[in-house]
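The structure appears below as structure tokens.
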Amino acid sequence: MCTTILAGPKATADGSLIIARSADSDALKAQHMIYHKARRGEKLYRTADFGGANQFECLLPRKGFAYSTVPNWKTGLHGATGWNSRGVGLTGTESIFARDEALAFDPYVKEIGITEDDIPDVILPQAKSARHGAELLGRIISKTGCAEGFGVAFVDSQEIWYLETGTAHHWLAVRLPEGCAFGSANQGRLQKLDLKDGENFMASDKLAEFAIDNGFWTGKREDFNFFAAYTRDDERDLAYNIPRVYQILRSFLPAFDEPFESGSRYPVFVKPETPVTVQSVKALLRDHYSEGPLAAHDPYTNGKAGKEPLRPISVFRTYESHVMQVRPWLPQAIGEVTYLALGMADLSVYFPVYQGMTKFPKAFALGTNEADNDSAYWIFRKVQTLAMTDYEHLAPIVKEAYGQFEAALPERMQAIEKKYLRLAHADEKRARKYLQKQNAKLMHEAMALARSVLNRLFTAATGNVQATIFFANRAKKD
């Protein structure tokens, strides 16, 4: 159960393209970072071979691109975020739910349909552009079907595409207007369909006609609304999904204050009043109603202990979140970067991972569903778990330390990129080796910082416990 944020180049402060998402499921779901080398020769991809969700199969083309993923430790699937060597980035998926009335005519293909587990490992090896990625996924949905509802974002150096499923075989994909931003939270958001505008829309064959013919869209063809026809919209969305979209829209449009009951009429694409930045997107992924109109609903303060009914963007069971940025004016290896936070975003640190990385530090490929002392995932997760036991006193320690690390990143990254460009001018191979070493250093520093913060938390917690439970004689000498 996730939250997605997109921003086009004319909506961001520096002209970059941004796609971001929090991946929420299970705090015990350790994530690994994996680089997949380019493959040669046809391959039959089978979900069952990895212990995946079902029996989905797909024949991959003879020549595949190299790509990176951040998958589930157990299966190595559901990569959640990744780049391929062609420069295409993907974040998926946003779990969404179709209307029962629509599913009655085209139910999910549970046994053999594509699931969120499969998408990165099927699309990234062959996507030549963001548009091509959406087209490939749409083709699979139309032919084989999907086993669940989802939304997926694709980015390259030119544009962002977002695809949402309707039913098992129906879908809609839209090119994000470059001056706009977008937010989604476990509910379909796309509405307009204009197939005469092939530059900005793609969809399954007879998407509107299927809804009209089966009676779950009763309006005029020219007024067809994908959300109204295909997307679930009931009381479950009022507390769980719409408040998160409300927070995102308020970030883009500070005066926005429409009631949750109007959620189905919230604007889909908006032009932000203040340009979007990587930092502002990180802040959104960390949001838990700590300020603003919904401050009374912060689940981590006011003694609520997470029992507040309005679900925030940042939850403890987030297993990773990421901000993917494309700066087209730079070479692909450094122009494309993912800011990755393992675990709960509010109490984690975002470290950069350049697209040019082809090998990740060993600690970032370790970890299971049981805590250990070696995996990066569990180092970050331990900090979060301890801080959550006394959020009021311990969370500020975490945020201060991580905030200082992140504040220093732009200058450090600028220095790395400057030297990379200088080296690449003479020797691309040497430049790549330098980038690999420097990026790994930043990742190791983030992990070392987490270890240090953990010790600081234990020191503070020990003092707090002692102050609360202290048996002393009158002289207080022992």
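Points to keep in mind about this one:
- Between Gly52, Gly15, the distinction of being in a loop (DSSP other than H, G, I, E, B), farther than 30 Å from Ala376 by Cα and over 18 Å from the mean Cα position of the chain (by Cα) belongs to Gly15 only.
- Across the stretch 56-105, the qualifying residues are those that are of a type in the set (Asp, Glu) and assigned to a strand (DSSP E or B), and the one among them that is surrounded by the most Cβ atoms within 10 Å (Cβ to Cβ) is Glu94.
- Residue ID - surrounded by the most Cβ atoms within 10 Å (Cβ to Cβ), chosen from residues in the stretch 18-35 that are assigned to a loop (DSSP other than H, G, I, E, B) and charged (D, E, K, R): Lys29
- Condition met for Ala38 (surrounded by fewer than 17 Cβ atoms within 10 Å (Cβ to Cβ), at pLDDT 95 or above and out of contact with any Pro (no Cβ under 7 Å at 6 or more places or on another chain)): yes
- Single condition Trp378 does not satisfy, out of (1) more than 19 Å from Trp73 (Cα to Cα); (2) touching a residue at least 12 places away in the same chain (Cβ under 8 Å); (3) of a type outside the set (S, T, N, Q): (1)
- Restricting attention to the stretch 163-214, the residues that are in contact (Cβ under 8 Å) with a residue 60 or more places away in the chain, in contact with an Asp or Glu (Cβ under 9 Å, 6 or more places away or on another chain) and not hydrophobic (A, V, I, L, M, F, W, C) add up to 13.
- Residues in the stretch 126-156 that are under 22 Å from Lys206 (Cβ atoms), part of a helix (DSSP H, G or I) and either at pLDDT below 95 or touching a strand residue (DSSP E or B) at 6+ places or on another chain (Cβ under 9 Å) (or both): Arg131, Ala134, Glu135, Leu137, Gly138, Ile140, Ile141, Ser142.
- The residues of the stretch 225-263 that are in contact with a strand residue (DSSP E or B) (Cβ under 9 Å, 6 or more places away or on another chain), closer than 29 Å to Leu195 by Cα and not in a helix (DSSP H, G or I), listed by number, are Thr231, Arg232, Asn241.
- Leading residue by the ranking (surrounded by the most Cβ atoms within 10 Å (Cβ to Cβ)) among those in the stretch 266-295 that are part of a loop (DSSP other than H, G, I, E, B) and of a type in the set (Ser, Thr, Tyr): Tyr289
- Filtered by the rule that a residue be under 12 Å from Val174 (Cβ atoms) and in a loop (DSSP other than H, G, I, E, B), the stretch 199-224 gives Glu199, Asn200.
- The set of residues in the stretch 384-429 being aromatic (Phe, Trp, Tyr), more than 22 Å from Asp287 (Cβ to Cβ) and under 25 Å from the mean Cα position of the chain (by Cα) is empty.
- Residue that is nearest to Asp298 (Cα to Cα) [pool: residues in the stretch 251-265 that are of a type outside the set (Phe, Trp, Tyr) and crowded, with 18+ Cβ neighbours inside 10 Å]: Ser251
- So Gln414, is it among the polar types (S, T, N, Q), assigned to a helix (DSSP H, G or I), in contact with a Phe, Trp or Tyr (Cβ under 9 Å, 6 or more places away or on another chain) and at pLDDT 95 or above: no
The rows are residues; the columns are (1) in contact with a helix residue (DSSP H, G or I) (Cβ under 8 Å, 6 or more places away or on another chain); (2) at pLDDT 95 or above; (3) acidic (Asp, Glu); (4) closer than 25 Å to Ile96 by Cβ.
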| site | (1), (2), (3), (4) |
| --- | --- |
| Met33 | yes, yes, no, no |
| Lys43 | no, no, no, no |
| Asn54 | yes, yes, no, yes |
| Gly64 | no, yes, no, no |
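Condition check ((1) touching a His at 6+ places or on another chain (Cβ under 9 Å); (2) surrounded by 20 or more Cβ atoms within 10 Å (Cβ to Cβ)) across all residues:
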position	(1), (2)
Val353	yes, yes
Thr358	no, no
Pro361	yes, no
Phe364	yes, yes
Asn369	no, no
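- Selection status of Ser22, of a type outside the set (A, V, I, L, M), touching a Leu at 6+ places or on another chain (Cβ under 9 Å) and either modelled with pLDDT of 95 or more or at negative phi (or both): yes
- The stretch 371-398, residues that are surrounded by 14 or more Cβ atoms within 10 Å (Cβ to Cβ), over 24 Å from Met33 (Cα atoms) and not aliphatic (A, V, I, L, M): Asp390, Tyr391, His393
- Consider the stretch 61-92 and keep the residues that are among the hydroxyl-bearing types (Ser, Thr, Tyr) and touching a Gly at 6+ places or on another chain (Cβ under 6 Å). The one that is nearest to Glu135 (Cα to Cα) is Tyr67.
- Residue pairs whose Cβ atoms lie under 7 Å apart, separated by 6 or more positions or on different chains, with the first residue in the stretch 103-115 and more than 22 Å from Leu44 (Cα to Cα) and at pLDDT 95 or above and the second hydrophobic (A, V, I, L, M, F, W, C) and not in a loop (DSSP other than H, G, I, E, B), are Tyr108/Cys146.
The values are calculated or read from the model by the stated rules, or taken from the named source; none is laboratory data. Keep in mind the model is a prediction, meaning the values are calculated, not measured. Note that we place each Cβ from the backbone using ideal geometry, even for glycine, and neighbour counts take in every protein chain shown.
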